[in-house]
Amino acid sequence: MAFELPPLPYAYNALEPYIDEMTMRLHHDKHHATYVNNLNAALAKHPELQPESLAELLRNINAVPEDIRTAVRNHGGGHANHTLFWEIMKPQGGGEPVGALAEAINRACGSFARLKEDLSQKAIAVFGSGWGWLSVGPGGALRVHSAPNQDSPLMEGWMPILGVDVWEHAYYLKYQNRRADYVAAWWNTLNWENVAQRYERALKGL
């Protein structure tokens, strides 16, 4: 079955003033749609891969046939990363995590403030295009890291639960070259309930 572009879970202008409507329209309807279309085109060459989930493809990226491996890495990663990105944001978001997730962040980073600082710095420091991530690994360990291009933490055996897109198409219409301002604003959009659910699923190995 072909992968499909998921609808945004809110209106295009719902994240204003932090992320503008035109950016959301172009980011979702054009950029994300292109990743989905190109992923499907690549997989059409290898029908035996089509029953696999996107997570399975990315976790086993080195087993994907060489002739489409780069396309699956780039476009499959782009599809997975953006699907997460839309869901971990919401209107009137922001604030801080609570419960088990907050406790895990305190253990791993010392405090939410330290997590925010560390993740922001890693995202801002990405050379060119990429992502800043909070991921869950073996034993429930939390990792703050970055990745280039559309590489997914799944490719390294980590489960992403929070990610900030620092490709220029994610922010340039509103923030131009001010990536740091965009990342600072992005924290006001976060849907911590969704991130907490992803954390719980990651602990269960889902």
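Observations, loosely collected:
- Expressed per residue, the C-alpha convex hull volume of the range 21-87 stands at 76 Å³.
- Working note: Debye formula, equal point scatterers on the alpha-carbon atoms of the chain, no solvent; log10 I(q)/I(0) at q = 0.07, 0.08, 0.12, 0.17 Å⁻¹ is -0.20, -0.26, -0.60, -1.21.
- Counted by Cβ distance under 13 Å from Trp158, the other residues give a net charge of +1, where Lys and Arg count +1 and Asp and Glu count -1.
- Charge tally in the Cβ shell below 15 Å around Ile61, where Lys, Arg are +1 and Asp, Glu are -1, Ile61 excluded: -3
- For the range 99-203, alpha-carbon Rg and Dmax in angstrom: 13.4, 40
- Within the shell of other residues whose beta carbon sits under 13 angstrom from the beta carbon of Gly140, the net charge comes to +3, with Lys and Arg scored +1 and Asp and Glu -1.
- The order of the peptides 9-21, 189-201 by mean Cβ neighbours within 10 Å, most packed first, is 189-201, 9-21.
Read-outs: derived from the displayed coordinates by stated rules, not from any lab. The model shown is predicted, which means the values in this text are computed figures rather than measured ones. Because the Cβ atoms are built from the backbone with ideal geometry, glycine has one as well, and the counts that use them run over all protein chains shown.
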